[in-house]
Structure formats: C-alpha cells, structure tokens
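Let me begin by presenting the structure, written as structure tokens, before commenting on it.
The values are calculated or read from the model by the stated rules, or taken from the named source; none is laboratory data. It should be emphasised that the depicted structure is a prediction, and the values quoted were computed from it without experimental measurement. We place every Cβ from the backbone using ideal geometry, glycine too, and count neighbours over all the protein chains shown. SASA here: full protein model, heavy atoms, side chains in, ligands and nucleic acids out. Shrake-Rupley method; radii C 1.70, N 1.55, O 1.52, S 1.80 Å.
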Amino acid sequence: MKKALIIDDDKNILTTLEMYLEDKGFEVLKATSGEDGLRNLRNGSPELVLLDMKLPDRNGLDVLKEIVASGIKTQVLMITAYATIETAVSAVKMGAFDYLPKPFVPGQLDLVLERLKRFHHMEIEIATLKGIFSEGGVLTRNHRMRKILKTARQAADSEAIVLISGESGTGKGLLAHLIHDWSSRTGKPFVTVDCAALQESLLESDLFGHIKGAFTGALRDKEGKLKLAEGGTVFVDEVSEIPVTVQGKMLRFIQHREYERVGDPKPYTVDVRIIAATNKDLEEMVRSGSFREDLYFRLNVLEIFLPPLRERPEDVTLLADHYLKQSGRLNEKAVQHISADAMQRLQNYTWPGNIRELINAIERSVIMAQDSELKASDLPPHIANFNPSASAATALKSLVEIEKMHIQNVISHSPSLEEAAKVLEIDPATLWRKRKKYQLD
C-alpha cells in the first residue's frame, strides 16, 4: 500500500484529506507542523506529500526545499488559501509536482492523482529503457531478475497461489507485496504470517484466531490474520516452518476456503489470496515426511525462485548506491558516493546474507564514514578483507560445514545474538540450538 503524508495545521483539512486518501488506498501519515512533517517524511518515505503553504512554525516553501534536498523520492502537492501566480511558479520551480488552492473539491484531487499515476508510469518506462526495474522496493538491472518479475506480474493478474522460494534475504517479502500491489486486490489488506517466529499453538491462533478460554492466556476472542486480510492477500512467510498438525488445517482452508478458530467448532469462510515463501527445499521435506505432499502440491501452483545476490553481480553496484543514499538520509550523514576501491570489495564479496546483509553492511559503513566518500576502510572488516580465491574452498565442504561457517561468521559480525538471529532469519531459540550443536561461542 502506498503512503501519503499530509502536512497541514487545519484539523478539518487533515480529516477530509485523510478520508479521501484512505478511500484511494493510501496509508496516511499526518503532521501539523513543518518539523513534524519532515520527521514523518524521513521515517515513512511517502510517495505523496500534501504540503500547506502556511504552517505555524515554517514557511511551506522552506519545507519543500528540505524535502527536495532530502533526496527521498516523493511527489509534493502544495495546498494553500493564499494562492498567487508567483508562489505557484516558485513552488513548481523548486520541485513541487502541482499546486492546489483552497478550497478544493474531490474532483480536483482526482485529476491530480490521475496525473501522478501517468507520471509514475512514464518514470517506469524511462527506467525500463535504461535497463533498470525499480518498483515497490524491488530494484534490479539483472536480465534474469527482469524475466522473473515479468512472470510475477503475469501471476498477479490471476488468483493462483504463488510460492516464492530462495535464500534468506533475497527479497521474497518485497516480491510478495509487489504481486499484491499489481493484483486486483491492491488497496485491500496485505497481512504477513511469520511461521518461523511463532510456536505451534500461537501460529494456529495467529492464522485462524481463537475464542476466549480456548487455551491459557486466551482472555478474549481474537480474529486470525486470515479474517483480518478479508479481500486482500495473506503472505505466509517461511511456510516450511508450519508444524504438521497445522499443515492439515491450512490444506483444508486452501481447498475449501473454510477454517475454524481455535476452540470454536463453527466453520468460517474468508476471501483472501495466499502467497507463500520458503528458503528451504520443500520437495526434500516432503520426502523426509516433515511436510505434507498434498499441501506442497496445493501451494506449488506457480513457483517463483529468486536468485541469490552473488548470481546478480550487476545489482551489487545498483543496490549499494541506492541504500547508500537511503541510509545517509536516515542517519543524517552527508555520504554522497562509494570509492572505486570500496565498490570493488563489495563486488568481490559473496553475500551469503544476500540483500539484507548488503543493506546492513551499507548502513554500518555510512555510520562509520568520516566524509562524503565511503572508503574501503569504512566497510565491515569481513567484507573489506574478503579473499575471493580463499572462498572457493567452501565448494568442497559439506552443507553442515558451510552452515556452521556461515553462522559463526554472522555471529562474529553482529552486535548481539538477537541481531544475528535476524540476519540468519531464524528465531533466537533455533540459533541457541545450532550454537550448541556446532559448539560455537
């Protein structure tokens, strides 16, 4: 769902615009002063800003100037009761998309949003001509990835279940959200169920809901995420982690669109689309008996595999530059570019944690940088000192050895075990068990 930020000290205008934009499918952020507006801008990165020309603490044109200077990709619509040709021209010259005088009617806003939509499509076409795909947080110039995204767009037009597979950190959640945004369900809820983060009983309740007294701690009735996503999409992340006992209930829902809340025998139905994701080999899990074969076939209507970052070398530069600018804004650091030496080291590294690891590495490097150029010395030591030829030896190691090495590497470069578990995309209890198994410090 796209975000819009309204910066206006008139409460009636705030309420009216909020209702209008939510009806158009926007998630709405609000601010009544220039400073609060700029703070919300940095934290929320909205696609649209509606900015009043006269604010209690700042002039609207001054706020516009800071929005443009921030580098955040957004379109600004100036709104004011003090419309003059001079201020309108000034605002547009400074980077505003358009200018709307108060009072205005919904029809005027409809026209502006339609123009914004056409402008957005034109930007996508220009990026396509440059060989770059950039939409919904997904950024790539890799030919294979572009073919995958074309398949995803075709899948979005259907109601078919999509199974997204790939290593941790490759962007499965972003792709799921993009498929939702491309589909006819856009504007309706997109709800995520993280199967790896919950115990069996809690996962069942999270999915299907429960009634009061169904189990210890069930103090009131609760709607499950299937119900909360009515009309929209449920993203079942790490579907491989669903316990066998819950797999049967998930299968029943997929087959009949019917489910029961925990402790409640009454059947319920809901209209949602399922998108699932996994970083494990479900076929192998079926063979080992830890995943139901019938559920696997129901989920695997259309599988999309996201390649790891090491197989997309041309995207390392593109993503590094993108997240450098983003991290610079969030951390208020004036880092403008990456040195040739630092970029070469980023390209040499194999990125076992994929895009998530790249984002974390760039943010850490931006924080450490002392001037406008990010140098090799600012990079995390394991990336700056990475030896590509030595890494080739891992090809002769077993999967168990590789897993052990990777976990040890992530732990050694994470500020805490909780952060290491996040990078590895496992819960802290699983990390504790693996540390004990491999006798890691």
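This table checks each residue for (1) in contact with a Lys or Arg (Cβ under 6 Å, 6 or more places away or on another chain); (2) surrounded by fewer than 18 Cβ atoms within 10 Å (Cβ to Cβ); (3) in contact (Cβ under 8 Å) with a residue 24 or more places away in the chain; (4) not hydrophobic (A, V, I, L, M, F, W, C).
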position: 204; (1), (2), (3), (4): no, no, yes, yes
position: 226; (1), (2), (3), (4): no, no, yes, no
position: 233; (1), (2), (3), (4): yes, no, yes, yes
position: 236; (1), (2), (3), (4): no, no, yes, no
position: 267; (1), (2), (3), (4): no, yes, no, yes
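Let me confirm something: among 150, 212, which residue is more than 27 Å from residue 283 (Cα to Cα), without any contact (Cβ under 8 Å) to a residue 60 or more places away in the chain and open to solvent by 40 Å² or more (accessible area, probe 1.4 Å)?
212
Return the only residue of 62, 57, 52, 98 being under 18 Å from residue 33 (Cβ atoms) and either touching a strand residue (DSSP E or B) at 6+ places or on another chain (Cβ under 6 Å) or open to solvent by less than 30 Å² (accessible area, probe 1.4 Å) (or both).
Step by step, each of 62, 57, 52, 98 is checked, and only 52 is under 18 Å from residue 33 (Cβ atoms) and either touching a strand residue (DSSP E or B) at 6+ places or on another chain (Cβ under 6 Å) or open to solvent by less than 30 Å² (accessible area, probe 1.4 Å) (or both).
Please specify each residue of the range 343-382 satisfying the condition of being assigned to a helix (DSSP H, G or I), closer than 12 Å to residue 321 by Cα and touching a Ser or Thr at 6+ places or on another chain (Cβ under 6 Å).
Passing the criteria: 362, 363, 366.
Determine which member of the set 198, 178 is of a type in the set (A, V, I, L, M, F, W, C) and free of Cβ contacts under 8 Å to residues at least 12 places away in the same chain.
198
Which count do you get for residues in the range 193-239 that are in a strand (DSSP E or B) and touching a Gly at 6+ places or on another chain (Cβ under 8 Å)?
Number satisfying all stated conditions: 6.
Checking the structure you have, find out if any residue of the range 125-141 is in contact (Cβ under 8 Å) with a residue 40 or more places away in the chain and surrounded by 20 or more Cβ atoms within 10 Å (Cβ to Cβ).
yes
Just the residues that are surrounded by 17 or more Cβ atoms within 10 Å (Cβ to Cβ), under 19 Å from residue 358 (Cβ atoms) and among the charged types (D, E, K, R), please, taken from the range 271-328.
Correct list: 312, 315, 325.
Would you say residue 155 is open to solvent by less than 10 Å² (accessible area, probe 1.4 Å), closer than 24 Å to residue 282 by Cβ, out of contact with any Lys or Arg (no Cβ under 9 Å at 6 or more places or on another chain) and not aromatic (Phe, Trp, Tyr)?
yes
Checking the structure you have, find out if any residue of the range 154-161 is in a helix (DSSP H, G or I), without any contact (Cβ under 8 Å) to a residue 12 or more places away in the chain and under 24 Å from residue 137 (Cα atoms).
Within the range 154-161, one or more residues are in a helix (DSSP H, G or I), without any contact (Cβ under 8 Å) to a residue 12 or more places away in the chain and under 24 Å from residue 137 (Cα atoms).
Can you list residue pairs whose Cβ atoms sit under 7 Å apart, with the first residue in the range 77-99 being farther than 19 Å from residue 110 by Cα and the second being β-branched (Val, Ile, Thr) and modelled with pLDDT of 75 or more? Count only pairs 6 or more apart in sequence or on different chains.
94/68; 95/68; 95/76
For the range 355-370, enumerate the residues that are more than 21 Å from residue 69 (Cα to Cα), surrounded by fewer than 21 Cβ atoms within 10 Å (Cβ to Cβ) and among the polar types (S, T, N, Q).
Across the range 355-370, the qualifying residue is only 360.
Kindly state which strands (runs of 3 or more DSSP E) lie completely within the range 1-66 and contain at least 1 residues that are at pLDDT 85 or above and of a type in the set (Asp, Glu).
27-31, 48-52
So the check is Cβ under 6 Å with 6+ separation or different chains; which pairs have a first residue in the range 2-16 that's within 21 Å of residue 117 (Cα to Cα) and a second one that's of a type in the set (Lys, Arg) and open to solvent by 10 Å² or more (accessible area, probe 1.4 Å)?
Every condition considered, the pairs that remain are 6/30.
Where residues in the range 18-42 are touching a residue at least 40 places away in the same chain (Cβ under 8 Å) and closer than 29 Å to residue 231 by Cβ, which of them is most open to solvent (accessible area, probe 1.4 Å)?
Once the filter is applied, the top-ranked residue is 24.
Just need a number here: residues in the range 67-85 that are at pLDDT below 85, outside any loop (DSSP other than H, G, I, E, B) and open to solvent by 10 Å² or more (accessible area, probe 1.4 Å).
4
Quick check on the range 247-303: of everything there that is within 27 Å of the chain's Cα centre (by Cα) and part of a loop (DSSP other than H, G, I, E, B), which residue is nearest to residue 216 (Cα to Cα)?
The residue in question is 270.
Please tell me if residue 306 is under 28 Å from residue 147 (Cα atoms) and at pLDDT 90 or above.
For residue 306, the condition - under 28 Å from residue 147 (Cα atoms) and at pLDDT 90 or above - is met.
Can you tell me which residues in the range 329-350 are surrounded by fewer than 21 Cβ atoms within 10 Å (Cβ to Cβ) and farther than 25 Å from residue 39 by Cβ?
Scanning the range 329-350 gives 337, 339, 340, 341, 343, 344, 345, 347, 348, 350.
Kindly establish whether residue 114 is at pLDDT below 85 and either open to solvent by 50 Å² or more (accessible area, probe 1.4 Å) or assigned to a helix (DSSP H, G or I) (or both).
Taking the combined requirement at face value, the residue does not satisfy it.
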